[in-house]
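For reference, the structure discussed in these notes is given below.
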Amino acid sequence: MKISEKDVAYVADLAHLELTAEERVRFLRDLNSILDYVDRLNELDTSEVQPMAHVTPSGEDAATLREDILEGLRKSLPHPVALANAPDADGTFFRVPKVIER
Amino acid sequence: MDPQSLTIDATRAAIQERRTKATALAEDFYQRIENQDPLIGSYLTLTRERALAKAEEIDALAARGEKLPPLGGVPVAIKDVLVTRGVRTTAGSKILGNYVPPYDCTTVARMETAGAVVLGKLNCDEFAMGSSNENSAWRPVRNPRDMSRVPGGSSGGSAAAVAANMAVATLGSDTGGSIRQPASFCGVVGLMPTYGRVSRYGLIAFASSLDRIGPLAKTVTDAALVLRAIAGRDPMDSTSVDVPVPDYVAELEKPVRGLKLGVPKEYFGEGLDDEVRKAVEAAIQKLSKLGCEIVPISLLHTKYAIPAYYIVATAEASSNLARFDGVRYGFRASDAHSLSEMYRRTRDQGFGAEVKRRIMLGTYALSAGYYDAYYLKAQKVRTLLAQDFAAAFNQVDAIVTPTAPTAAFKLGEKVDDPLAMYLADIFTVTANLAGIPGISVPCGETKKKLPIGLQILGKHFDEGTILRVGNAVEQN
């Protein structure tokens, strides 16, 4: 077992997931089984291998660079449009439950 | 008009020559969707107003005798991971159940500029994570060829809609096989272009170093026509590359004689279904008879592709999906008393099991103390896989393999075993990891009449050659 129940709780915390008790049991099993399979990567000696940094072949990358543009490529969304999908907004801001307890 | 005969060119010609109207054709397709789709489940949202407005525009052009654009009046549909202005876009997830994007993705905008009539948005696995379409938060999709079976995934709706003539062509996305594997399962053509060939502006991101957008269609020519419409540099996507877009239709008309085709032994080993093997070998034989030189090759690191893929893909997903927090758009849990509780409950209630599993795996792989062992290791193995392909392409013009190890499996067959589900992508993830293009074309059927797909992989930006080989398989 690579991962313990404690690890599952810790990772869920990092990922902002609550997870039910059932899900914790399930993921403990699934993650261990997947990570066991992933272990076969260790059969390979990669000490001399560079990690992949660009998916496009070298030489093509330069084409994707451009000069900075002051205004941006697209105008910002108008305020009401930007807020239109918000679960809770007051017309000016997104609203969320209170952050500071007192 | 027989819907099966409606390729892109046939459709466009019928409207151009005023044998039918784009508006009437769109209504025909909506009628067929109404009749068939309750059973199949490929559509999530219909965009009738938008479709008819475009169709009227095309009819007006035809009435004035003007030349129609390349996709003029052609009924198409779009995987629901591509955002559409004013049209609900869910990515197959409850967390985006009420999301109405304020802009169009580049690929849909380009399809419409080319005259396509967008009928609606297509079902898929949640956030494109899955190989069977059973991870859709809304409903599974059934394979039109056998309703007890899955259509493949994650672009299951995109493949099923084409197979059942509920669209002439569709757009899907492919992160580990999500265009090619469902195309194979449903007996249609599916093309994943080179990384950088097609703009991803407006694609709801799953794994940014792997995601591609591409067409599913009835014929290789149709796939070429859609690719030509959507390919090319887009200033809104800095990963799209300024490489000239050739006339893909002209490319596929070139002869295949003299092409060198690599057959990698690693793709024909254990786990490959016998009927699939026979059909693929027969297709290779056919290509040999057409004058292709068949070259046995080895892609040594193939067996490390799935483990490397599931680390890279989940790590990137855990980061990309951090944006879904219930603040700016989408679903928000209503029972939270603090901000942090709101985040957790929103994500808990909004995401399905597979998405949470992958976020967990990816978060773990990136967490302090494990980065080197997992993510860095996987990115190094990825280099080895890319080097395998680079070496092979010094020897051959394209590589031919099965698209998937089996034909379509039954609904429910693999839902309880995530690893078994991941292995459905064993022959497709390699091309995503290496950035190269791939196409799946039908190459036969099993005894149970289930379609089998041949995968053709090509060099970076050499879609022309794989389309040409695919066309030869299709025409002979």
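Quick notes on this one:
- When the helices of chain A are scored as -39500 (n - 2.57) per DSSP H run of n ≥ 4 and the total is divided over every residue, the value at 222 nm lands at -10000 deg cm²/dmol.
- For region B:258-308, relative contact order (Cα pairs under 8 Å, six or more residues apart, normalised by length) works out to 62 percent.
- Shape box of region B:433-476 [Cα atoms, principal axes, largest first, Å]: 36, 25, 6
- Taken over the Cα atoms of region B:6-252, the convex hull encloses 110 Å³ per residue.
- Note on residue B:103 and residue A:66: their simple-model spin labels are 1.1 nm apart, each label 7 Å out from Cα toward Cβ.
- Model label sites at residue B:257 and residue B:334, defined 7 Å from Cα along the beta-carbon direction, differ in position by 7.1 nm.
- Residue pairs, from the table B:254/B:303; B:218/B:260; B:260/B:459; B:356/B:380, whose Cα atoms sit over 23 Å apart: B:254/B:303; B:218/B:260; B:356/B:380
- Alpha-carbon Rg/Rh ratio, for the protein assembly as shown, with Rh computed the Kirkwood way: 0.96
- Taking every DSSP bridge with both residues inside region B:6-252, close to 70 percent are antiparallel.
- Summary value for chain A: 17 percent relative contact order, contacts being C-alpha pairs under 8 angstrom separated by 6+ residues.
- Dividing the convex hull volume of the alpha-carbon atoms in region B:147-296 by its residue count gives 145 Å³ per residue.
- Put in line by how crowded their Cβ is, counting other Cβ atoms within 10 Å and starting with the fewest, B:206, B:461, B:268 read B:268, B:461, B:206.
- Entry note, chain B: the mean residue ellipticity at 222 nm calculated from DSSP H runs of n ≥ 4, each adding -39500 (n - 2.57), is -12000 deg cm²/dmol after division by the residues and rounding to the nearest 500.
- Within region B:238-280, backbone nitrogen closer than 20 Å to the virtual label 7 Å beyond the Cα of residue B:394 toward Cβ: B:260-266
- The GluC sites (Glu not before Pro) of region B:1-85 that DSSP puts in a loop, and whose beta carbon has at most 16 other beta carbons within 10 Å, are B:17, B:66.
- Between region B:318-359 and region B:1-80, the alpha-carbon centres lie 38 Å apart.
- Length, then width, then depth: along the principal axes, the Cα atoms of chain B run 63, 53, 45 Å.
- For chain A, Kirkwood radius (reciprocal of mean inverse C-alpha pair distance, Å): 20.1 Å
- A simple spin-label model places the labels of residue B:13 and residue B:39 3.1 nm from each other, with each point 7 Å out along Cα-to-Cβ.
- Of B:148, B:238, A:76, the sequence from fewest to most neighbouring Cβ atoms within 10 angstrom is A:76, B:148, B:238.
- Neighbour counts of C-beta atoms inside 10 Å place B:310, B:99, B:371 in the sequence B:371, B:99, B:310, starting with the fewest.
- Here the Kirkwood formula, the inverse mean of 1/r across different C-alpha pairs, assigns region B:236-288 a hydrodynamic radius of 14.8 Å.
- For region B:374-388 versus region B:241-266, the gap between their alpha-carbon centres in whole angstrom: 26 Å
No lab work stands behind these numbers, since they all come straight from the coordinates. Here the structure is a predicted model, which is why all the values come from computation and not from measurement. We place every Cβ from the backbone using ideal geometry, glycine too, and count neighbours over all the protein chains shown.
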